[in-house]
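J.: Below is one structure. I have some questions about it.
The values are calculated or read from the model by the stated rules, or taken from the named source; none is laboratory data. As the structure is a prediction and not an experimental result, all values here were calculated from the model. Positions of Cβ are backbone-derived with ideal geometry, glycine not excepted, and every protein chain shown enters the neighbour counts.
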């Protein structure tokens, strides 16, 4: 029996693809400007077109020169789906591959530039993962930053780019044939690990997010260990930490932001929250009572004693907790509102110079006291806070939360005191900063000679003055805890004294 002969075409080997000097001798097929190359590509005559096991064929990529001449970098920017992101990157920084990156020299760079996922970084990873999951559920818009990574110079010779648009001398548009070797992060390590974890959830599979969730990945090509380390240092060693108040002001989609908006509206705090741009909460400032970051911490104290992060408050919790937060802020306004005067009345001092309750540590302590007074209601309502939701749809998550609340309501805890009793105590306490009982709590400031610092202040009468001891106002956990415990204790009446420190 004879078999028919299958004609074989001669393919153009990878070694004959022209190297482009401008793009670091990367192999580039000039589809737009080279008609011979165009015909060969359309007829699948290039060897790399048939080596699907060696490379990812990624359309819609921008190959660009970044930085300043002569020290350009060569980068490829692509927009893969979640599934494609995982397949292309391969390198999960929270669980890096054991063999591949050792073979291509990535191990040393990992040791230099990547920190282990422990402690706070491990917690952040969980929150970033949950952010992605919330987006998959439709609870928020995903504003994901571009993940910046790099691929080793050892595989650069195997990389090929087909340029469909060459009109920009600094950038080409086309299809990238990228070697199937790991991509390590120079910026966005936690985001990358979070995407890997989100991709493995049951929700991502059920919702079809693997093929519909979009990402952006910038890969720097032809990178060695030294350049990888420099890239990491330049990206992470400059600039300053984000302004938490600014972030809070711009955040209008999180559940806690919605609770804050509902709680503040119409109270004394409405229009009097500092955002870090329009004013502050210094000792002499009077317009803003608290800043946005402090307000969020106060509301978390009301909701859950500050035991959860903002990301763990979900949208189905908004209507549950917003009334309590509003009641708390109304209580503060009713109790202290007349003393939080803006502008400062004639012959008087700014309220933060006079009163403890104008400072963040006292406000946070009072928020915790409110939770203790309403613990019999708030604790059962928070039974489902922080619930793991990797594999749950929104409906499933809400149902699990509902059942946990139902069980907790059947056996509520006992509150430390009633809300009426708390209000009575707050009204009876003498909150003047220079009283002896507050100086005992906060400590006093020191003058240049190391002695107890005093200040002459207005006494409320025309031209009248008095000398007081200047107390500190440290926003520390210890101070917050002391104020809370004292307000709740049987000896709280010690805070009603009108004796000044001397």
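J.: Does region 225-243 include one or more residues that are in contact with a strand residue (DSSP E or B) (Cβ under 8 Å, 6 or more places away or on another chain), surrounded by 19 or more Cβ atoms within 10 Å (Cβ to Cβ), assigned by TED's automatic domain parsing to the domain that holds residue 87 and modelled with pLDDT of 75 or more?
T.: yes
J.: Right, another one. All but one of (1) part of a helix (DSSP H, G or I); (2) surrounded by fewer than 17 Cβ atoms within 10 Å (Cβ to Cβ); (3) modelled with pLDDT of 95 or more hold for residue 430, so report the exception by its number.
T.: Tallying (1) part of a helix (DSSP H, G or I); (2) surrounded by fewer than 17 Cβ atoms within 10 Å (Cβ to Cβ); (3) modelled with pLDDT of 95 or more, residue 430 fails exactly one: (1).
J.: Need pairs with beta-carbon distance below 9 Å; first residue in contact (Cβ under 8 Å) with a residue 40 or more places away in the chain and assigned by TED's automatic domain parsing to the domain that holds residue 446 and within region 461-477, second loosely packed, with under 12 Cβ neighbours inside 10 Å and part of a loop (DSSP other than H, G, I, E, B); sequence gap 6+ or separate chains.
T.: If the second residue must be loosely packed, with under 12 Cβ neighbours inside 10 Å and part of a loop (DSSP other than H, G, I, E, B), the pairs left are 462/346.
J.: Do we find a residue being touching a residue at least 60 places away in the same chain (Cβ under 8 Å), part of a strand (DSSP E or B) and within 26 Å of the chain's Cα centre (by Cα) anywhere in region 177-184?
T.: Taking region 177-184 and keeping what is touching a residue at least 60 places away in the same chain (Cβ under 8 Å), we get 177-184.
Filter once more, so that each one left must be part of a strand (DSSP E or B): 177-179, 184.
Subsequent filtering for residues that are within 26 Å of the chain's Cα centre (by Cα) retains 184.
Scanning region 177-184 turns up at least one residue that is touching a residue at least 60 places away in the same chain (Cβ under 8 Å), part of a strand (DSSP E or B) and within 26 Å of the chain's Cα centre (by Cα).
J.: Please count how many residues of region 150-177 are surrounded by 23 or more Cβ atoms within 10 Å (Cβ to Cβ), under 14 Å from residue 221 (Cα atoms) and in contact with a helix residue (DSSP H, G or I) (Cβ under 8 Å, 6 or more places away or on another chain).
T.: 4
J.: Collect the residues in region 263-294 that are surrounded by fewer than 16 Cβ atoms within 10 Å (Cβ to Cβ) and within 23 Å of the chain's Cα centre (by Cα), keeping them in residue-number order.
T.: Hits for region 263-294 are 277, 278, 280.
J.: Right, something else. Take the conditions more than 28 Å from residue 252 (Cβ to Cβ), modelled with pLDDT of 95 or more, assigned to a helix (DSSP H, G or I) and not assigned by TED's automatic domain parsing to the domain that holds residue 316 and apply them to residue 161. Does it pass?
T.: Working: more than 28 Å from residue 252 (Cβ to Cβ): yes; modelled with pLDDT of 95 or more: yes; assigned to a helix (DSSP H, G or I): no; not assigned by TED's automatic domain parsing to the domain that holds residue 316: yes.
No: the conditions fail for residue 161.
J.: So, of the residues in region 246-256 that are in a helix (DSSP H, G or I) and touching a residue at least 12 places away in the same chain (Cβ under 8 Å), which turns out to be surrounded by the most Cβ atoms within 10 Å (Cβ to Cβ)? Please lay out each step first, then the result.
T.: If we filter region 246-256 for residues that are in a helix (DSSP H, G or I), which is where we start, we get 246-250, 255-256.
Subsequent filtering for residues that are touching a residue at least 12 places away in the same chain (Cβ under 8 Å) retains 246, 248-249, 255-256.
Numbers: 246: 14, 248: 23, 249: 19, 255: 21, 256: 25.
So, considering only residues that are in a helix (DSSP H, G or I) and touching a residue at least 12 places away in the same chain (Cβ under 8 Å), the one surrounded by the most Cβ atoms within 10 Å (Cβ to Cβ) is 256.
J.: From the list 443, 471, which residue is in contact with a helix residue (DSSP H, G or I) (Cβ under 6 Å, 6 or more places away or on another chain) and closer than 21 Å to residue 281 by Cβ? Give the derivation first.
T.: Values: 443 fails: in contact with a helix residue (DSSP H, G or I) (Cβ under 6 Å, 6 or more places away or on another chain).
So the residue among 443, 471 that is in contact with a helix residue (DSSP H, G or I) (Cβ under 6 Å, 6 or more places away or on another chain) and closer than 21 Å to residue 281 by Cβ is 471.
J.: Also, quick follow-up: Find all pairs meeting these conditions: Cβ atoms under 6 angstrom apart; at least six residues apart or on different chains; first residue within region 320-333 and closer than 19 Å to residue 405 by Cα; second residue surrounded by fewer than 22 Cβ atoms within 10 Å (Cβ to Cβ).
T.: 320/381; 322/262
J.: Next question, about the same structure. If you scan region 379-397, which residues turn out to be surrounded by 15 or more Cβ atoms within 10 Å (Cβ to Cβ) and not in a loop (DSSP other than H, G, I, E, B)? Walk me through how you get there before you give the answer.
T.: The initial filter retains those residues of region 379-397 that are surrounded by 15 or more Cβ atoms within 10 Å (Cβ to Cβ), namely 379-386, 389-394, 397.
Selection gives 379, 380, 381, 394, 397.
J.: Now for a different question. Would you confirm, using the coordinates I've provided, whether residue 62 is in a strand (DSSP E or B), closer than 12 Å to residue 159 by Cβ, touching a residue at least 40 places away in the same chain (Cβ under 8 Å) and assigned by TED's automatic domain parsing to the domain that holds residue 223? Walk me through how you get there before you give the answer.
T.: Working: in a strand (DSSP E or B): yes; closer than 12 Å to residue 159 by Cβ: no; touching a residue at least 40 places away in the same chain (Cβ under 8 Å): yes; assigned by TED's automatic domain parsing to the domain that holds residue 223: yes.
It is false that residue 62 is in a strand (DSSP E or B), closer than 12 Å to residue 159 by Cβ, touching a residue at least 40 places away in the same chain (Cβ under 8 Å) and assigned by TED's automatic domain parsing to the domain that holds residue 223.
J.: Quick check: anything in region 489-501 in the same structural domain as residue 282 (by TED's automatic domain parsing), buried (at least 18 other Cβ atoms within 10 Å of the Cβ) and within 38 Å of the chain's Cα centre (by Cα)?
T.: Looking through region 489-501, none of the residues is in the same structural domain as residue 282 (by TED's automatic domain parsing), buried (at least 18 other Cβ atoms within 10 Å of the Cβ) and within 38 Å of the chain's Cα centre (by Cα).
J.: Moving to a separate point now. Suppose we filter 330, 335, 286 for residues that are assigned to a helix (DSSP H, G or I) and closer than 25 Å to residue 472 by Cβ; which single one remains?
T.: The conditions single out 335.
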